[in-house]
Amino acid sequence: MENSLKLKTPPDLLPLATGASLKIFELDGAAGMIMPVHYCTEEAVVSVKAGSSRLQFEDHAMILEKGESFLLPAGKTHSLTLLEDFQALVVMPVESDIKCKVSPHNTSL
């Protein structure tokens, strides 16, 4: 039962550093975890350190795998499903925020 509860929890988004213009987070979670529909108020760069995930937009989906980086457009809603244990770095402007459509999670980053 503990494992099924864990999978319903979004992956952790941990602050690593904040500079004058950018901030860096580590996204870390287990296979099966889902980050519900959300968007970034500014562009963000996601760089995958380990595992793979499915990045689902309204009109298409893509698989992100270890070693790949992706530029997330500002304001474009998406969700993230972890296909394997997953780690990624997320870099965004200091003034940016993550806004969730359902079940707020780390909305004031």
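Using a cutoff of 8 angstrom between alpha carbon atoms and counting only pairs six or more residues apart, the relative contact order for the chain works out to 33 percent.
Modelled spin-label separation between Val45 and Lys99, with each label point placed 7 Å from Cα along the Cα-to-Cβ direction: 2.5 nm. Modelled spin-label separation between Asp12 and Phe57, with each label point placed 7 Å from Cα along the Cα-to-Cβ direction: 3.1 nm. Taking Lys and Arg as +1 and Asp and Glu as -1, the other residues whose beta-carbon sits under 13 Å from that of Leu55 total -2.
Every read-out reported here was derived from the displayed coordinates using simple, explicitly stated rules and does not represent laboratory data. This one's a predicted model, so the numbers in the text were calculated from it and none came from an experiment. Positions of Cβ are generated from backbone atoms using ideal geometry, with glycine treated the same way; all protein chains shown enter the neighbour counts.
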